[in-house]
Amino acid sequence: METSKSKVYFTDFKTKSGMNLLDKLEKLVKKAGIQNIDFKNKFVAIKIHFGEPGNLAFIRPNYAAKVVSIIKELGGIPFLTDSNTLYSGRRSNAIDHLDAASENGFNKLTVGCNIIIADGLKGTDYREIEINQKYCKTAKIGTAICDSDIIISMSHFKGHEMTGFGGALKNLGMGSGSRGGKLEMHSASQPKIEKENCTGCRQCIKNCAQGAISLDENKKASIDYEKCVGCGQCVAECMFDAAQIIWNESAVTANEKIAEYAYAVIKDKPSFHISFIMDVSPNCDCWDSNDIPIVPNIGMAASFDPIALDRACVDLVNKAPIIKGSVLDNNEFNNDEDKFTHIHSNTDWESGLKHGESIGMGTQDYELIIVK
Ligand code: SF4
Ligand code: SF4
C-alpha cells in the first residue's frame, strides 16, 4: 500500500534586508502550519537543549524567543523546558541546570517566558506514560512535559556518539526522560556503586523503593542486585557521582528506546517540530566543547512529523560538502558515505527512525518544500 509523504518545510540561511533569520523562522513555521494547532489558553512545552556551558553550538535564545512570541500571538502559554542529565555535568539538577541555561543566555527577559526543568530538582519528578511498546511498557517522562497540552520541539541537528545524530527524536525522547528514564534508555542493566566516590551519606538508601541498598562494612553503599529493579532513583539522588549508570546499551536498542520515549511524549497531544541544521558539530551539545562543524550551515526545517524531519535533515547534511579541518577532512572519508556513520562507526541512526515508523510516529518518506 502506498503511504502518503510527510511534508517537511525548509528554509536556508540566506537573508536580505527586511527578511532576517528570525523573520525566516517565523515564515517557515507559519508555512508549515503551526497556526493550525489550537493554542488558545493551552500550556505549551517548548522542548530545547540549553547547551552545556563551554559548548557554543546550541540553538541561540533569539530563535527560542521568536517561537515563544509566535505561540503567545496564537494565544498559547509557552514555557521552555528540558530534563536533567544522567551524568554529572552542569545540568544534572534543576538549580545547576537553570544556572547553565542562564549562562547560555536563556532567561525570562531574553526568551519572553519562564523556564521549567521538566523533571524537577533532582530529576525524580516524572510520570509513567503507558505505551506498551517493544522495550518499554511505560516511559518515565518529566512531569512538566506530561502536564503540558502541546509540545513544540526545537532541536539542534548535529552528530551524536551514541545515536549517530541528534535531532527531533533524540530531543523529544532522551531529552524528556527523567533521570530514571534516561537510565532505561542508556542501559540494559542496574547501576553500580563507584565505592571511591561514595561518602556513605545514605541518600540513595532512603530513596530506594526496593530496599536494595545498604552500607557495607566500609560504610560504602552496596546494591543487592536480587532486589534492584533498575529504576535509576539512586543515580538521580546521589550527589557524589557514586551511584553510576553502566553505559552498556547497544546502539540499535538505545535508538529504538529513544523512539519509544519520543512516542510517549507526543502520543496524546498536538506537537510540532523545528530543527536547526547549523553548527553541525560531530558530537552532542552535552559535551562542554564543540568541534569544527562537519558541513556549512544549511538551514532550518519544520514539520508535524518528527521522523520525516530527522530523515530530511540527515539527507541535507549528507548532500552538503564537508568543511576543511573538520573530523571528516581525512583520506578515509569518501563523499558517498553517510557522514554520521563514518564519524561514529558503532552507531545506527536509521534503527531509531525505522522503529519510530513501525510504532506510528511518522514516515521517512517526505516531500521537501522550500520556503524562500
Ligand atoms: S547517595 Fe551516593 S554517596 Fe550517598 S551513600 Fe548513596 S552512593 Fe554513597
Ligand atoms: S536502581 Fe532503583 S531499585 Fe536499583 S538500587 Fe537504585 S534506587 Fe534501588
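Put simply, the amide H of Gly167, placed in the peptide plane, has no neighbours under 5 Å, leaving out anything fewer than 5 places away on its chain. Ranked by how many other Cβ atoms sit within 10 Å of their own Cβ, fewest first, the residues Trp349, Trp287 fall in the order Trp287, Trp349. In terms of surrounding Cβ atoms within a 10 Å radius of their Cβ, Val252, Val44, Val68 rank from fewest to most as Val252, Val68, Val44.
Comparing Val317, Val67, Val327 in a Gaussian network model of the chain (Cα springs below 10 Å), the most mobile by mean-square fluctuation is Val327. The angle between the Cα long axis of helix 21-31 and the longest principal axis of the Cα atoms of the chain comes to about 90 degrees, rounded to the nearest 10.
For Thr363, the residues whose amide H sits under 5 Å from its own are Ile307, Ala308, ignoring neighbours fewer than 5 places away on the same chain, with H placed 1.01 Å from N. Converting phi to 3J(HN,Hα) with the Karplus coefficients 6.51, -1.76 and 1.60 and the offset θ = phi - 60°, segment 260-272 yields 5, 5, 4, 4, 4, 5, 10, 5, 10, 8, x, 8, 8 Hz in sequence order, with x at every glycine or proline.
The charge dipole of segment 192-244, taken about the Cα centre with unit charges on the Cβ atoms of Lys, Arg (+1) and Asp, Glu (-1), comes to about 140 debye, rounded to the nearest 20. Checking the Cα-Cα distances for Lys5/Lys66; Lys42/Lys354; Lys5/Lys354; Lys192/Lys220; Lys220/Lys257; Lys192/Lys219 against a 21 Å cut-off, the pairs over it are Lys5/Lys66; Lys42/Lys354; Lys220/Lys257. Projecting the Cα atoms of Ile245, Cys208, Ala264 onto the dipole axis of segment 197-306, where Lys and Arg carry +1 and Asp and Glu carry -1 at the beta carbon, places Cys208 farthest toward the positive end. In this Cβ point-charge picture (+1 for Lys and Arg, -1 for Asp and Glu), the chain has a dipole of about 1120 debye about its Cα centre.
3J(HN,Hα) along segment 299-308: x, 10, 9, 9, 6, 7, 10, x, 5, 4 Hz, from the Karplus curve 6.51 cos²θ - 1.76 cosθ + 1.60 with θ = phi - 60°, whole Hz, x for Gly and Pro. Placing unit charges on each Cβ (+1 for Lys and Arg, -1 for Asp and Glu) gives segment 232-298 a dipole about its Cα centre, and among His273, Ile294, Gln233 the Cα reaching farthest toward its positive end belongs to His273. Loop-resident trypsin sites (Lys or Arg not before Pro) (DSSP state other than H, G, I, E or B) in segment 301-352 with no more than 16 further Cβ atoms inside 10 Å of their Cβ: Lys324. Near Thr138, the amide H atoms lying under 5 Å from its own belong to Ile131, Asn132; only residues 5 or more places off or on other chains count, and H is placed 1.01 Å from N. Here Tyr135, Tyr126 are placed in order of increasing Cβ neighbour count within 10 Å, fewest first, which gives Tyr135, Tyr126.
Every number in this text was worked out from the coordinates using simple rules, so none of it is lab data. Only a predicted model underlies this, so the values are computations on that prediction, with no experimental measurement involved. Quick reminder, even Gly has a Cβ in these numbers, built from the backbone with ideal geometry, and neighbours come from all protein chains shown.
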